[in-house]
Structure formats: C-alpha cells, structure tokens
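The values are calculated or read from the model by the stated rules, or taken from the named source; none is laboratory data. Since we're looking at a predicted model, the values are computed, not measured. Cβ coordinates were reconstructed from backbone atoms using ideal geometry, including for glycine residues, and neighbour counts include every protein chain displayed. Ligands, DNA and RNA are stripped out before the accessible areas are found, and what is left, the full protein with its side chains, is counted by its heavy atoms. Shrake-Rupley method; radii C 1.70, N 1.55, O 1.52, S 1.80 Å.
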Amino acid sequence: MLAGDDPRVVAGAAVGSLALGGGDRYSDLDLTFAVADDVPVVQVLEDWTRTLGDELGALHLVDLERAPTVYRVFLLPDALQFDLSLTPAARFAPAGPRWRTLFGEIVESEARTPKPPVAADLLGWGVIYGLHARSCIERGRLWQAEHYVGAVRDHALSLACLRRGLQAVQARGYDDLPADALAAFEGTHIGSLEPERLRSALSAAMRRLLEEGKEAAMPSVDVLAERVAVIDQRST
C-alpha cells in the first residue's frame, strides 16, 4: 500500500459511499490521508501522482482545495474514479458521516460537518437564474437559456429536498423525493430549444421554485411571486 510505505503519512480513512459498506460497482473510490505537519501536503500529492500514473495508469483530472484539505481526482484505466485527499495531521478529522478510519489517529475536536444549503439562498439564486433565463430567451441565446432554466429547476428540487431532510446538494436527494413531489416537476423539462418550449419550461420551473419557497415558509416569497409575474407580463 502506497500510504503504508510512506513515513510522511500518519493516518488514513475511507470516505464516501464505500466507506461503510454501501455503494455499488459504479461508486467512486474515495481515500483520505493525514500528512505529518512538518511536510508540505503538495509534496506528497505530487509524489503520489507520479507513482499512481506510473504504476496504475491513473490520469489526473482535477484538483479542489477546501482548506485544510486538498483533493485530487484521478481516472483509472477501467473508468473508475479515484478521489484522493490529503490533510495536515493536526487538522485530520471526519468531514461527514461517511468515514471509516483505516489507521492512525483523527482529531475528534476538529470534526467538520458540511453545512446544508440555506433555503433563502436556494430561493434567491433560483429567482436570479430565472431572470437570466428569461433574458437569454428574449435575446435568442437559447443554449444559455437552457442552462439557466435547468438551474431554476435544480434550485427548486434542492429546496424540496431540504425541507424533507434529504441531501440537498449535487442532486443527491432528488431520487429520494416522494413520487408526487417529483411529478410536480414534469413540466420543467426542456423538450427542445424552441423559444416557446423554453418559456414553458421556465414558467413551470419558476412556479415550482416559488411553491417550494411557500412550503418552506420563506417570508419574501409572495413579493417575489408578484415581481416575477410583472416581469413576465412586460416580456409579452
């Protein structure tokens, strides 16, 4: 094992869907390690990247830094995604419930639980994307409009997940929503880039966004609904 042969690495854990015995053959491999505090994390990361490329044919896809942790994502030859993350030992702690310590020690007092999105932010950004979508449709920027219509739908779905206690990030809770809740989103799908189809999907997505805002008891939702309605009337 690469970590076991490297004295700079003092602890490790499995994270993600495979950490606690779940997942399936499509699940990513997620491993995280603690690097001794007197060693630069990037030094270990670059050394391991070369070794993984030489021995396993791993291709480096992308990096993501969420202090104090650095993530590097690889693609293996069998299309397996491997997420490797490294953290200074003094800050090595679970960043969520899907964690299984493999060796070494973690810093219990440093446990970091990701915060769920804020309902007001989901509603606010959903409205902003709705305004962008409308502008793009009227300007004939139909591919960009399609992007923003989907963003409105995603924020409405995230609100639906949030108020039901489901995961509200990266679409992880969508498929766990009740069937009747998902049925209400059927009109939000975009069948083509025809302006009228985009307008129809946008209208449906905005209705769902505002309805989810009402169900979440957002104080500004009625005012938002009035102002969005006025904007729609001016565009006709």
To the nearest Å², the heavy-atom accessible area per residue of the chain with 1.4 Å probe amounts to 58
Placing +1 on each Lys and Arg Cβ and -1 on each Asp and Glu Cβ in the chain, then taking the dipole about the Cα centre, the residue among Pro7, Gly126, Gln81 whose Cα reaches farthest towards the positive end is Gly126
Ordering 84-92, 37-45 by per-residue average of other C-beta atoms within 10 angstrom, highest first, gives 84-92, 37-45
At R0 = 41 Å the Cβ-Cβ FRET efficiency linking Leu61 and Ala229, nearest 0.05, sits at 0.40
Contour minus Cα-Cα span, Glu105 to Ser192, at 0.36 nm per residue, comes to 25.9 nm
Note: Glu138 to Val118 extended length (0.36 nm per residue) minus current alpha-carbon separation gives 4.1 nm
Burial-style ranking of 148-157, 69-78, average other-beta-carbon count within 10 Å with highest first, yields 148-157, 69-78
Heavy-atom accessible area of the chain with neighbours in place, 1.4 angstrom probe: carbon+sulfur share in percent works out to 52
Rounded to the nearest whole number, the Stokes-Einstein translational diffusion coefficient of region 1-49 at 25 °C and 0.890 mPa s (Kirkwood radius, C-alpha pairs) in µm²/s is 203
Of all DSSP beta bridges having both residues in the chain, the percent classed as antiparallel (nearest 5) is 75
Taking only protein heavy atoms and a 1.4 Å probe, the highest-to-lowest accessible-area order of His60, His189 is His189, His60
